[in-house]
Amino acid sequence: MASGRRLDVLVCGAGVAGMTAALALARLGHTVTLIERDTAVRPARLDEAGGWRRTGVAHLHQPHAFLARIHAELRAVLPDTLDALRAAGAVEVPLPDGTRSLRCRRSTLEWVLRRDVETQPGIELRAGTVQRVETRRGTAVGVHLAEGGLRPADLVIDAGGRRSRLTTGARDAEGFDEPANEVYVSRRYRLLPGRQFTAVNRWVVGVEEADGYALLVFPQDAGTFTVAFVHLPGDRALAGLRRAPVFESAARIMSLGAAWTDPNFAEPISGVTAMSGLRNMFRPLDPAVPVGLHALGDTVCTTNPHFGRGSSLAVAHAFRLVEAVAEDPGDPAAWRDRVDAWVRGELRSWFDDARQLDRARAAAWWAAVDGGAQAIPSMSPPSPASLPRFVLLAAAGVDPTVATAALRHMQMTDPPEALDAVEPRVTDLITQGWRPSRSPGVPTRAELVETISAVSVPVR
Ligand SMILES: Cc1cc2nc3c(=O)[nH]c(=O)nc-3n(C[C@H](O)[C@H](O)[C@H](O)COP(=O)(O)OP(=O)(O)OC[C@H]3O[C@@H](n4cnc5c(N)ncnc54)[C@H](O)[C@@H]3O)c2cc1C
């Protein structure tokens, strides 16, 4: 390929990764065919997006927090998309370090991206299912569609999400794929006229956590918000939360839940939906795959959604590929090397971090489910190198320097290893007697189970 050539790009999957990659590549002057298997067209009006039925994205209506990282990535590469999101009612939340996060429904983000894709010169959005990649002499040259026909391309991108099978056979043998320790049970609400959102304790979301479960509140756009209980998969005593009367009663025993689900404050606008089967998965492409073939977003990496990282990572991943292409459109081997370095560097670090946080929390939660003692470990003299990251993050409440580092970590503003710089401070705190602890006053899991049982079993 001659440098400066206009590429024919084929993107499989019009999710967050596929649409942001398509938009940014089209704006570099490349011709993009974006193929989406899900035939549900974009609702004509934004206010209908909350009911958009996307079978290809089962989590479209699950609550999403959009971190400072996705805001920064969009501002740098697709600033007009960010403007369009603001115009669509997404709220920018200023954070104490000067960065901003975004509050909106995932369906609002998808609706705005889809409209941009539909109107962007250089992008053809087609309904179809990408079935197989065609290669010739170590180079991807196009894809076969399930409907028949070969679509030639210079660059093939698998952005088909966590269930994509397009590049399954092209994965590095050294991947990870294990269950994430969380089930989401959520319900959407709308503020009553005249009501305003109140502040939430974690900037983008409100969190009330006990050992064994947590309640989260996600303020969104258009006066909507979502309340979610999260618990361990297999914690059958909490399965009753899926029933609306149980969900409502359980929310009312939490101070956060009681305030946000108060019938004088908001009304439910959905049933209760549950999402399980979540995974921590890291499956980079084998470096020996044909050049010109890339996989992005959830296709390569999924982490426990509790940390709200998936969309930020998907967009960052898409833009690292776009930057590599922009650097030299004629050198697909260089695209592969640059993107691979990011995947095995930063993306892998975020995956490891999320996996470690997930495991530590699950261990504490399982101890509570099993009727164990205080699950947050008491720490005998710590060695700075061995402090788990959840302990560093817990110290945010007692030290302003740690608080800033924790904020920038949880919003994915700094690279994951930047948090390690506060270890000596946290070690000092531990030496002085500080220990991580849960917020007081949150009902225990046993109290939640009692509430669930009281609603589930009718009193005669
Ligand atoms: C319960 C839950 C909560 C979450 N919460 C958050 C959060 O708070 N914050 C956050 O940032 N992230 C969150 N995430 C993660 C986030 O939603 C994902 O990381 C994000 O959707 C990844 O985008 P993607 O484009 O890679 O894949 P997807 O959004 O899954 O898009 C893939 C697209 O490809 C299409 N497709 C698949 N195969 C084919 C094919 N063969 N041919 C054509 N089209 C195909 C699908 O129909 C779909 O449209 C959450 C995830 C879950 C499950």
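General remarks:
- Test: residue in segment 134-146 that is surrounded by 16 or more Cβ atoms within 10 Å (Cβ to Cβ) and outside any strand (DSSP E or B): no
- Residue within segment 127-135 that is free of Cβ contacts under 8 Å to residues at least 12 places away in the same chain and among the basic types (Lys, Arg) present: no
- Scope segment 68-109; condition touching a Lys or Arg at 6+ places or on another chain (Cβ under 7 Å) and not charged (D, E, K, R); matching residues: 68, 71, 82, 90, 91, 93, 94
- Some residue of segment 185-194 being of a type in the set (Ser, Thr, Tyr), modelled with pLDDT of 95 or more and not assigned by TED's automatic domain parsing to the domain that holds residue 225: no
- Check on residue 350, within 16 Å of the ligand (Cβ to nearest atom), crowded, with 21+ Cβ neighbours inside 10 Å and touching a residue at least 60 places away in the same chain (Cβ under 8 Å): yes
- Per-region count, segment 387-403, residues charged (D, E, K, R) and not in a loop (DSSP other than H, G, I, E, B): 1
- In segment 165-185, of all residues being assigned to a strand (DSSP E or B) and more than 22 Å from residue 104 (Cα to Cα), the one that is farthest from the chain's Cα centre (by Cα) corresponds to 171.
- Test: residue 255 is touching a residue at least 60 places away in the same chain (Cβ under 8 Å), within 16 Å of the ligand (Cβ to nearest atom) and not assigned by TED's automatic domain parsing to the domain that holds residue 63: no
- Search result, residues across segment 264-281 that are assigned to a strand (DSSP E or B), away from the ligand (no atom under 11 Å from the Cβ), closer than 15 Å to residue 225 by Cα and touching a helix residue (DSSP H, G or I) at 6+ places or on another chain (Cβ under 9 Å): 266, 268
- Restricting segment 203-242 to residues that are among the charged types (D, E, K, R) and closer than 22 Å to residue 68 by Cβ, the residue that is farthest from the ligand (Cβ to nearest atom): 209
- Qualifying residue in segment 114-132 (condition: of a type in the set (Ser, Thr, Tyr) and not in a helix (DSSP H, G or I)): yes
- Filtered residue count, segment 233-255, keeping only those that are among the hydrophobic types (A, V, I, L, M, F, W, C) and surrounded by fewer than 20 Cβ atoms within 10 Å (Cβ to Cβ): 4
- When restricted to residues that are over 30 Å from residue 169 (Cβ atoms) and either in contact with a Leu (Cβ under 9 Å, 6 or more places away or on another chain) or modelled with pLDDT under 95 (or both), segment 115-144 contains 5.
- Residue within segment 150-159 that is part of a loop (DSSP other than H, G, I, E, B), over 30 Å from residue 228 (Cβ atoms), outside the structural domain of residue 222 (by TED's automatic domain parsing) and at pLDDT 95 or above present: yes
- Search result, residues across segment 182-201 that are within 16 Å of the ligand (Cβ to nearest atom) and either in contact (Cβ under 8 Å) with a residue 60 or more places away in the chain or on the phi > 0 side of the Ramachandran plot (or both): 182, 183, 184, 185, 186, 187, 188
- Pairs are defined by a Cβ separation below 6 Å, a sequence spacing of at least 6 or placement on different chains, a first member in segment 88-99 that is surrounded by 19 or more Cβ atoms within 10 Å (Cβ to Cβ), and a second member that is modelled with pLDDT of 95 or more and in a strand (DSSP E or B); the pairs so defined are 90/102.
- Counting the residues of segment 404-456 that are assigned to a loop (DSSP other than H, G, I, E, B) and surrounded by fewer than 16 Cβ atoms within 10 Å (Cβ to Cβ) gives 9.
- Of all residues in segment 186-243, those satisfying the criterion of being of a type in the set (A, V, I, L, M, F, W, C), outside any loop (DSSP other than H, G, I, E, B) and under 23 Å from residue 45 (Cβ atoms) are 191, 218, 225.
The values are calculated or read from the model by the stated rules, or taken from the named source; none is laboratory data. Since the structure is predicted, the reported quantities are computational estimates derived from the model, not experimental observations. Positions of Cβ are generated from backbone atoms using ideal geometry, with glycine treated the same way; all protein chains shown enter the neighbour counts.
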